Each structure stands twice: as structure tokens, then as C-alpha cells.
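Report on the following structure.
The values are calculated or read from the model by the stated rules, or taken from the named source; none is laboratory data. Note that the coordinates shown come from a computational prediction; the quantities given were computed from them, not determined experimentally. Note that each Cβ is placed from the backbone with ideal geometry, even for glycine, and that neighbours are counted across all protein chains shown.
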Amino acid sequence: MRAGSKGPDPRRRRRGDAVTPLAVAVAVLYAFPILYLAWRTLTLGGDVLAILSSPRTLVPLANSLRVAAATAVACAVVGTGLAWLVVRTDLPGRRWWRILLPLPLVVPSFVGATALLAAFGRGGLLPFVPRIEGFWGAFGVLTALSYPYVYVPVAARLSSTAPSLEEAARLLGRRPTGVVLRVVLPQVRGAIAAGTMLVFLYGLSDFGAVSLMRYDTITRAIFSARLFDPATSLTLGLLLALLALIVAGAERLVSPRRRPPARVGTGQVRYRLGRLAVPATGAVVGVVAVALAAPIAVFVAWVLRGSATVGAGFGGLGDGLGFLLRPTANSAIAAVVAGATATLVTLPVAYAAARGGGWAANAAAALVTHVFALPGLVVALAVVFWAIRAPGPLGYLYQTFPLLVLGYVLHFGAQAMRTTQAALAEVSRRYDEAGRTLGAGARRRFVAIELPLVVPGLLAGGGLVLLSTLKELPATLLLAPTGFETLATRIWGAAEDGFYAEVGITSLVLVGLSALLTWFLVLRHELRR
Amino acid sequence: MKRLVALLAASVLAAACSGGADTITVYSGRTENLVGPLLERFTAETGIDVEVRYGQSADLALLIDQEGDRSPADVFISQSPGATGFLAERGRLRPLGAEVLDLVPAPYRSRGGLWVGLSGRIRTLVYNTERVDPADLPASVFDLVDERYRGRLAVAPANGSFQDFVTVLRERYGDDVALEWLRGIAANDPQRYPKNTAIVQAVGRGDVDLGLVNHYYALRAKAEDPDLPVENYFFPDGDLGSLLIVTAAGVVSTTEEPDLAERLVRFLLDEEAQTFFAEQTFEYPLAAGVEPPAVLPPLASIEVATYDLDRLGGGLERTKELIDASGLEGP
């Protein structure tokens, strides 16, 4: 470690510092939801202290924290394990697993929970497997649907680490487990931390899965009070936002500043599983069976049942799938644009936080991160609140496509930012120093050296935003141009009134579209190398 | 990819061009399956384009409230009177003309003339036919606090229709009786669910024996799965448990097209639309003399949930307070 990285070097500013003003400017955008919550809470004049100290707040809040923390830990283990197995071992069929494993993320949580409830237990597809509700049910569904938040960035990171250290360790006689623990894990721990934080925040924000699993959380209180007790609803929203801000800020303080001497390269070491191939395959199959195959089986069962029933009132299927063309196109475009925009917009924040690390950069990163803990409806209403008050021509953006994208970028920016930041943090500065020695300017060094090295991280972050956008509901319903339907809004509409065959067919199209998009836009580049 | 971009450009353009003459915007808490075909018929018959934003009734009511003067919405269609009542209370609905109001019998519209009922659903007790002997079903919704139903009843305290029921309970019997009933249910180990569809699925699987829901959901579930062992039970003799909850429509106060907006509301009360509700969505038609589906009890035997917000102390906020105080929802 160079002495210079311990404190500010008087002769040379850290590279990220130049970007910090831009990062702060971006972060200001991410302050709008919490400003909305604070403004509305104060002007409504509710008894904030009474609301905050009530057991009606504290009990669900404790439940939220409990299920979010447990899910985050489980996803860290499952996501990291899966990533290592498919990227760094000779696991049979690993190419296929790499396409399938990110997909549970695209299943809207209320559909995933409904499908898993219909899959297992008495009256389900598999009656002999017990149905679980309450804490463990919520924990199970959230883990099944959100482990990709860890898996995707860790897999991207693992596929871009240089083999040299691992080879050296093996030559020095380290056993494979030792190499993984001492050499591989330290290189990906930034990606694991980023993903785990995302799962935790997502667990706080979720309403669909926890409510269907009948586990009482703070989001239930926020939703149920939104119309007739707005003071409570907004105060609790503000509480959630502040908590998330503290957690996101604190993570920076406690995470180790010393970075591993990571290298980036291609041609990884691939471990032979040998006798472990069977249990390892079993573990991967198990995860995919619960998180993907079970919901898909239920979707298929719904479609078959509905189309076999005369007079089921299921308009769409009789006329073919044409009615889903437009929503499919809308979903694809919104998701691709949101993924790309979120990655670009949050890049300066990620860069400033990874390369500079001053308090302003860290605060900017925390602001971007915390929005992800808010329920989608709160973010959407915040955007409405400000957009409708926007002066002049900005006001015309209301309920247009750009505003919808802004809603997505605000809500999901954390996914791109944290993934990019983790990727950047693990690119050794020596490459940059080498470039400087050779006389390259700052911009050239970034474009020619650092950017190519973090492309897997950027793609992973953009891919997460893409998948999240595909399933997004509240912002789409409230902010999209009137009449702009996506697959997710179609699924919601059908589920709301019990048109399960339509839920099934639309969900199958959604999963198929996600597989295509992640393959073309994210995985193809990695797998080719 | 180019075609996708073209599609997108077309939809963005279409949105930008809306708001011109002969286009109205509807915020609909009824989903597309339950109202979309009618809106298409309206356009076909009148040449008036309809832009629809679907969403949950409560969320769309919040949206209109937040949009204030700049709301693009001309018509609000709600799945329950609660969300309409919220907008009426906040002065966001415009009084309808007499020629619209007169199409609907007085019990099914707002006393202030701010909204009309389009169709009706009744509250019912859905039960699992394999686990419950019909002879054991309660004669009144008040009997559900009995020991013999301990742990067997599913409720959705956050659901709009459940809250509408509580509001009418308050209006008919006073806040004390309403709170006592809520406390009785809360003390009887009820199974809490987030929504009606979840209750009917759970009753169908046998997770729980009985559930307080709207009649629509069991009929809908059986349309796709005739073997599902669920049945609606209608509380007899005009019991409040079989309350009729109307789905409603009103014209938003800031509309620039009040005539077109009223024309749409009138269309939804025509025989064609009312027949659609009776035949396609298993609901009670409320106008044009259309007969309800045969599976439902006659409308004359049923209590109706139109409450007078002016007379109802504390409004709908008070209903929420009582549910909170009873411990039926949350800790």
C-alpha cells in the first residue's frame, strides 16, 4: 500500500475528486423523494413523535428489518456460491445456468409469492412439500427472487479477475478451499457487499411478497394508511428513507478502506469439482427449481386450466398472443433505456465514491443508494409531486416517457451505482499510474484504461436495472404516458381481478423476454471471452 | 430494434397529442378486463377517443389529488366508494347533471350528486365446501365473533370493500357497535390477508375455512377452475353482511371536457354497458332495468352501501381509526 493513499496528498488530488461536483449534482436528484416525504410530513402536521413511538410502527418496523437482514445474509451466501460454481468451476451445463440464474429477479414479487403459494402444499402442484407463510415464507420468497442482486455482480466480477494470483497461491501449495477463501473471496467482497446491501434495501421496500406471505411489515402500514391517514403513511415513509440513508452511509464508514491488490484479466482458473459435481449440480438445480421452475410450472398450469375452461372470459388467448405485442415492445424499450440511463447517470457518483471517497462523494453515494429502500409507490408519488410543480417547460414532461425513465432511474439507480462502484474499487490504481507515467491525460486514462476494465460491472449493474424495470409497477402505472402498457402492468391488471390464465401467459412472455435481453445485452459479451 | 423504436415513438407521440378535442382521459380503478371493452365500444359509437390509465382505485385517487389543477383526468372510475368518497371530500369531483343522476336509483348514487354507481358487488362469506357444512354457516355477520369460528375466518382489513362495510356498520349502528364488532373479530384469531383474491385462493386450498370478501372473486375463480371447492354464502334476511358495494364513476372537477366526460358516464349506464356488467363481470347492473345474473340473490333483498359523508362523523378517516384501534390490522 502506498503511503499516499492513507491521507490527502498535497501535490496530487485523488482522481475521483475531480468528478465529485458532478456526482453531487446527480445526487441532488436522488434527494427529491426524501424532500417530498419531509415536506409533506411537516406540512400535514401529524403528531410525528406519537406515530414513531407507537407499537403500530415499531413492531412492523422490527419485522421489516428482521426479514430484510435475514434475506440479505441468505442471498449473500446463495448468490456468491452460485456465481462461483457457474463461473469458476467445471459445473455441467454452466452456460445454461448463467442464462437462467438471473431470471427470478424479473418475476414481480406479488406474482412470485402467489405462484409459490400455489406450487407447494395442500391444494398445490406439489402437495407433499409444506407451504410456509409468515416470516419464513416471506424470507423464502424474497430470497428466491432477489439472490440475483448478489449473484449478478459477483459473477461479473469473478469472470474478470486475473488468474495470476490464484495460480501463484496454488503453486505455493495452498489447497483449493484456501485459495478460494484467501485469494478469490477478497477480490469479490466489494461485489458481495454491494449486492447484499441491495437485497437488504429491497427487502425493506417490498410489499407484494411480504403481504401475501402474511408477514406484517412497515410497508403494509405505509400502504394501508395512504388514503385515510396520510400523516402516518408519509411519516413512516420518511422514517424508512432516513433509516436507509443511515444504513447506506454507515456501510461506507465500516467497510474496510484497504483494497485488495486486485488484478483484472481474462482466462480464469477453473476448478474441477470432481466428486463434488453431483452435490454442486444438485444445489444449483434446487435453487432454479424453487425460484424459477416452480413459478413457471404454476404459470403453465394456469394457462392450461384457463384455456381449457369454456367461458373463462379470457379474451386474449383465443385471438392468439397479439395483444401482448405492444406491451412487450414497451417493456423492452423502457427497460433497456432505463438500464442504460441509470448506468450512465450514476457513473460519476460511483467513480467519485470509488476513487475519491471524500465525505461529499460518500454522501452522494448514500443518497443514490437509499432511494431503493422506498416502496415504488412512494417514489412514484414523489416524482408526481415535483413534476406537477416544475416550472415552465419542465412541467410538460409530466406523464411522458422521459419522466417515466427518470422514475426508474431514481428508484433503481442504486443497483447500477453500487455495482459499478464495486467494480471500480477493485481495479488496481497501478494501471492508472502506469498510464500517467506514459503521459496519458486523465480523460484518456479513464476511457482507455479504467472503463474497459469495469465493463463487466457496468453491464451487470445495467442488467439489474433492466430486470427491475421489466417488473416495475407503481411508477409505470402513475407516470407512464396514458395508455402505455407494459407486461408488468398487464400482469397486475389480470391478477387484480383473478384472471390467472392471463397472468400465467403474460408472466411466461416476461420471463422469456428477460432471458433474451439479458443474453443479448449482458451475458453474450462475457461468455464470448 | 428499429421497429421497436418506431412503436415507442408512436406511443409517445400519441400521448403528446392527447388532450385535443374529442379525447377524454379516464383514470380507472376497474381493470381493463372489467371495463376496457366498454370504453372501446364508446369510442366506436361516438368517435370520442378514450385514453385510459389503469391502477388501484386508491392510488389513482391519490394521483388526482396530487395533480391538483393540472390533472389530465376527466373521468374517475373507482372499484369502491371509498376512493370516490376521498375525492368527493376533497372537492375534486364535479356535480353530475340531473340527466345522468336520474338514470340511477337514488340508493346507488351520491346524495350530493358527485358520483353514480355503475355496478354492484355484494359482500359475502366465501367458504370451502369440503371443510364447512353449510348448516354451520352464521345467520348474521355479527355471529362471526362466536367461539365456533375461532381461527377459521379470513379477513382483508386493508381492502377498500372491507372498509366500506365498516363505514356502513358505523352509519347504521354507530361507532361503538362497529368497534365492538371489529374487536370481536380481532379477538377471534382471524387470518389476515392483503386482498380478496388471496383469500379466495386460500379458502380454495383449504388453508382457511371462511373468508369475508366480495361475491365476484369466487365466481371468477370458478370460471377458470370449476373444481375449486369454494362457494359464496349470502347472509340472509337483509343482513348487513350481504351489503351491496357499488363501483362508481365521477367527473373530475378540473376537466376541460365536462360534456364529453358526462357522456361517457351516461354510456356506462346504458343497457349495453349494464348488460356487460351482468353477463361478463358477474355484477349487479344498477341502471337501465337490466336483470342481475341468476346466481345472485335479488337486489331488492339487499342492503346498499351508500353512506352520507356529511352525516358520517369523522368521515372515512374515522373508519381507518376504528380498524386500527381494534387491532384487526397490524399489531
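Residue count for the stretch A:383-401 satisfying the condition of being crowded, with 18+ Cβ neighbours inside 10 Å and more than 19 Å from A:Trp39 (Cβ to Cβ): 3. For the stretch A:184-201, indicate whether the set of residues that are in contact with a helix residue (DSSP H, G or I) (Cβ under 8 Å, 6 or more places away or on another chain) and of a type in the set (D, E, K, R) is non-empty. Among the residues of the stretch A:184-201, not one is in contact with a helix residue (DSSP H, G or I) (Cβ under 8 Å, 6 or more places away or on another chain) and of a type in the set (D, E, K, R), which makes the answer no.
Of all residues in the stretch A:101-127, those that are over 30 Å from A:Leu91 (Cα atoms) and not in a helix (DSSP H, G or I) total 5. Would you check if there is a residue in the stretch B:81-96 being under 30 Å from B:Ser301 (Cβ atoms) and away from every other protein chain (no Cβ under 14 Å)? For the stretch B:81-96, residues under 30 Å from B:Ser301 (Cβ atoms) and away from every other protein chain (no Cβ under 14 Å): present. Quick check on A:Val111: is it more than 14 Å from chain B (Cβ to nearest Cβ), at pLDDT 90 or above, closer than 16 Å to A:Thr506 by Cα and out of contact with any Phe, Trp or Tyr (no Cβ under 7 Å at 6 or more places or on another chain)? No, not satisfied.
The helices (runs of 4 or more DSSP H) found entirely in the stretch B:164-266 that carry 1 or more residues being β-branched (Val, Ile, Thr) are B:175-186, B:196-205. In the stretch B:265-278, is there at least one residue being at pLDDT below 90 and either within 14 Å of chain A (Cβ to nearest Cβ) or closer than 29 Å to B:Arg94 by Cα (or both)? Checking the stretch B:265-278: not a single residue is at pLDDT below 90 and either within 14 Å of chain A (Cβ to nearest Cβ) or closer than 29 Å to B:Arg94 by Cα (or both). Do you know which residues across the stretch B:51-72 are hydrophobic (A, V, I, L, M, F, W, C) and within 9 Å of chain A (Cβ to nearest Cβ)? Scanning the stretch B:51-72 gives B:Val52, B:Ala58, B:Leu60, B:Ala61, B:Leu62, B:Leu63. Counted as qualifying within the stretch A:138-246 are the helices (runs of 4 or more DSSP H) with 2 or more residues that are touching a Ser or Thr at 6+ places or on another chain (Cβ under 7 Å), namely A:148-158, A:185-205, A:208-212, A:218-224.
Here B:Trp115 meets each of (1) closer than 19 Å to B:Tyr233 by Cα; (2) buried (at least 19 other Cβ atoms within 10 Å of the Cβ) with one exception, condition (1). Selection of the stretch B:98-126 for residues being over 20 Å from B:Asn196 (Cα atoms) and of a type in the set (Val, Ile, Thr) yields B:Val100, B:Val104, B:Val116. Taking the criterion of being in contact with a helix residue (DSSP H, G or I) (Cβ under 6 Å, 6 or more places away or on another chain), aliphatic (A, V, I, L, M) and closer than 27 Å to B:Val126 by Cα, the only residue of the stretch B:260-286 that qualifies is B:Leu286.
Let's see how each residue does on (1) touching a residue at least 24 places away in the same chain (Cβ under 8 Å); (2) assigned to a helix (DSSP H, G or I); (3) of a type in the set (Asp, Glu); (4) within 10 Å of another protein chain (Cβ to nearest Cβ):
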residue: A:Arg430; (1), (2), (3), (4): no, yes, no, no
residue: A:Ala434; (1), (2), (3), (4): no, yes, no, no
residue: A:Ile449; (1), (2), (3), (4): no, yes, no, no
residue: A:Gly461; (1), (2), (3), (4): yes, yes, no, no
residue: A:Ser468; (1), (2), (3), (4): yes, yes, no, no
residue: A:Thr482; (1), (2), (3), (4): yes, no, no, yes
residue: A:Gly493; (1), (2), (3), (4): no, yes, no, yes
residue: A:Leu508; (1), (2), (3), (4): yes, yes, no, no
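Only helices (runs of 4 or more DSSP H) whose full extent lies in the stretch B:34-133 are considered here, and the ones with at least 3 residues that are under 18 Å from the mean Cα position of the chain (by Cα) and outside the structural domain of B:Arg148 (by TED's automatic domain parsing) are B:57-67, B:81-89.
Tallying residues that are under 30 Å from A:Gly208 (Cα atoms) and of a type outside the set (S, T, N, Q) within the stretch B:128-172 yields 23.
Condition test on A:Ala440, is it within 14 Å of another protein chain (Cβ to nearest Cβ) and either within 23 Å of A:Leu158 (Cβ to Cβ) or of a type in the set (Gly, Ala, Ser) (or both)? Criteria not met by A:Ala440. State whether one or more residues within the stretch B:174-183 are over 22 Å from A:Ala113 (Cα atoms) and modelled with pLDDT under 95. Scanning the stretch B:174-183, I find at least one residue that is over 22 Å from A:Ala113 (Cα atoms) and modelled with pLDDT under 95, so the answer is yes.
Any residue that is modelled with pLDDT of 90 or more, closer than 23 Å to A:Val379 by Cα and not in a helix (DSSP H, G or I) - is there at least one of those in the stretch A:7-28? The answer is no, given that none of the residues of the stretch A:7-28 is modelled with pLDDT of 90 or more, closer than 23 Å to A:Val379 by Cα and not in a helix (DSSP H, G or I). The number of residues in the stretch B:107-127 that are more than 24 Å from B:Asp74 (Cα to Cα) and out of contact with any strand residue (DSSP E or B) (no Cβ under 6 Å at 6 or more places or on another chain) comes to 1.
Inspection of the stretch A:193-213 finds a residue satisfying the criterion of being over 19 Å from A:Leu467 (Cβ atoms), under 13 Å from the mean Cα position of the chain (by Cα) and at pLDDT below 95.
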